[in-house]
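Undergrad: Pasting a structure below so you can have a look.
What follows is calculated from the coordinates using simple rules that are stated; it is not laboratory data. What you are looking at is a predicted structure, and each value in this text was computed from that prediction instead of being measured. Please note: Cβ atoms are built from the backbone with ideal geometry, for glycine as well, and neighbour counts cover all protein chains shown.
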Amino acid sequence: MKDIKRVAVFTSGGDAPGMNAAIRAVVRNALHNDLHIFGIQRGYQGMIDGQIRRLETSDVSNIIHRGGTVLKTARCPEFLTPEGRKKAYENLLYNDIDALVAIGGNGTLGGALQFAQEYPDIAIIGLPGTIDNDLYGTDFSIGFDTAVNTAMQAVDRIRDTADSHNRLFFVEVMGRNSGYIALHTGIAGGAGGVIIPEEDMDLEELVKLLKRGTARRKLFSIVIVAEESRMGNVFSLAEQVSKRVEEYDDVRVTVIGHLQRGGSPTAFDRVLASVLGFHAIEALLAGQTNVMVGIRNNQVHHTPLEEAISKPKKPGKELLRMAHILAQ
Ligand code: F6P
């Protein structure tokens, strides 16, 4: 087992609130263990471009409450090529880096796995940093809770205007092909319906659900739609429904979009990110590599990167059943 002395941390892919808290924990625990710690700017792009610099404890002061990522991030097509990964490897060798902590989502950890297979002399620990919460091996990923809270607050506001105008609103939330944000926002926001990619729902069912509400003189409603729902684009869905359910005064669509990615992380995300960042260093010191550090049933859990990115993670059927019942 190689002695770990010089560790580099980076964030990659879509940013997620709480990434800064994770960076802070990685840096502080590394320094606590007398390791040299480096930050790579702009994820894999910075690794290829050699944007690597030494970090001290003061570099991560006053960031725990900030959204985004102080290391910046990027989506990097060049890292998908063997030439790009070779350049990245050479830059790591140049800085004598012997371990990486990669914070990001599916694409980030997939890139880390590919890199690890080609360059096994560099140890890699992944941390789940994505609002989508779609990585297997952790109950929650960094940023998910904040994104849900942001979406829920938006839904609370929409509820006021929907109620005042007797309108039906379709609210699209992010999550790529995962329905976690939609489901949790729907439950927390008291939505009249939730449409997620993991479930087949057809127009008839949705119409029936809404008609149940209008039959008891519920004159407004909010339906949360995951961005990659199988019912198609939220605007065309709204149009189709408006032709079938005429009891509302009007139908409107709100796409919350990137608002969900920004903002100060919730206490939950700060604590989660701190625990995971701290344990990324513990894992490296214990000789672990190619694993994602996550939380399962309140315990720190290591999952091979391969499983984390390939095994399906779906919202529980029971939670979905409950959401539909409570929506009535
Ligand atoms: O993976 C996080 C995420 O916000 C997804 O929910 C969304 O589909 C995607 O990133 C948007 O990516 P971009 O910011 O590159 O448009």
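Undergrad: Pick out which of N166, N297, N29 has the largest mean-square fluctuation in a Gaussian network model of the chain, springs linking Cα atoms closer than 10 Å.
TA: Fluctuation is largest for N297.
Undergrad: Is the chain rounded, prolate or oblate when judged by the Cα gyration tensor, a ≥ b ≥ c being the square roots of its eigenvalues, rounded requiring a/c under 1.5 and prolate requiring a/b larger than b/c?
TA: Working: a/c = 2.53, a/b = 2.35, b/c = 1.08.
Because a/c hits 1.5 or more and a/b exceeds b/c, the chain counts as prolate.
Undergrad: Still on this model: Between the helical axis of 82-94 and the dominant principal axis of the chain, each derived from Cα atoms, what acute angle in degrees is found, rounded to the nearest 10?
TA: 50
Undergrad: Given +1 on the Cβ of Lys and Arg, -1 on the Cβ of Asp and Glu, and no further charges, what dipole in debye does the stretch 76-223 carry about its Cα centre, rounded to the nearest 20? Working shown, then result.
TA: Working: 13 positive and 21 negative charges, 214 e Å.
With only Lys, Arg, Asp and Glu charged at Cβ, the dipole is about 1020 debye.
Undergrad: Separate question: Could you go through the stretch 109-120 in sequence order and give the Karplus-derived ³J(HN,Hα) for each residue, using 6.51 cos²θ - 1.76 cosθ + 1.60 with θ = phi - 60°, rounded to whole Hz, and x for Gly and Pro?
TA: 6, x, x, 5, 5, 4, 4, 5, 5, 7, 10, x
Undergrad: Tell me, what HN-Hα J-couplings in whole Hz come from the Karplus equation 6.51 cos²θ - 1.76 cosθ + 1.60 at θ = phi - 60° for each residue of the stretch 27-36, using x for Gly and Pro?
TA: 4, 5, 6, 4, 5, 4, 9, 6, 8, 8
Undergrad: Also, quick follow-up: What ranking do 49-60, 145-156, 128-139, 111-122 get when scored by the average of other Cβ atoms within 10 Å per residue, highest first?
TA: On the way: 49-60: 15.4, 145-156: 22.4, 128-139: 25.8, 111-122: 17.4.
The densest-packed peptide leads the list: 128-139, 145-156, 111-122, 49-60.
Undergrad: Label I63 and D3 with points 7 Å out from Cα along Cα→Cβ: what is the distance between them in nm?
TA: 2.8
Undergrad: Continuing with the same structure: Which percent of Cα pairs goes in each bin when the distances of the stretch 38-170 are cut into 10 angstrom slices starting at zero?
TA: 11, 34, 28, 14, 8, 4, 0
Undergrad: Label points 7 Å out from Cα along the Cβ direction at K218 and A286: separation in nm?
TA: 4.6
Undergrad: Explain nothing, just compute: Karplus ³J(HN,Hα) = 6.51 cos²θ - 1.76 cosθ + 1.60, θ = phi - 60°, for every residue of the stretch 127-136 in order, whole Hz, x for Gly and Pro.
TA: Per residue, the Karplus-derived 3J(HN,Hα) values read 10, x, x, 7, 5, 6, 6, 10, 9, 5 Hz.
Undergrad: Rounding to the nearest 20 debye, state how big the charge dipole of the chain is about its Cα centre with +1 on each Lys and Arg Cβ and -1 on each Asp and Glu Cβ. Don't skip to the answer; put the middle values down first.
TA: On the way: 36 positive and 39 negative charges, 105 e Å.
With only Lys, Arg, Asp and Glu charged at Cβ, the dipole is about 500 debye.
Undergrad: What does the highest-first list of 239-251, 302-314 look like by mean Cβ count within 10 Å?
TA: 302-314, 239-251
Undergrad: Go through L135, Q45, T81 and say which Cα lies farthest out towards the positive end of the charge dipole of the chain; charges sit on Cβ, +1 for Lys and Arg, -1 for Asp and Glu.
TA: L135
Undergrad: Around R252, which amide H atoms from residues at least 5 apart in sequence, or from another chain, sit under 5 Å from its own amide H, with H modelled in the peptide plane?
TA: Distant-sequence amide H within range of R252: L168, F169, F170.
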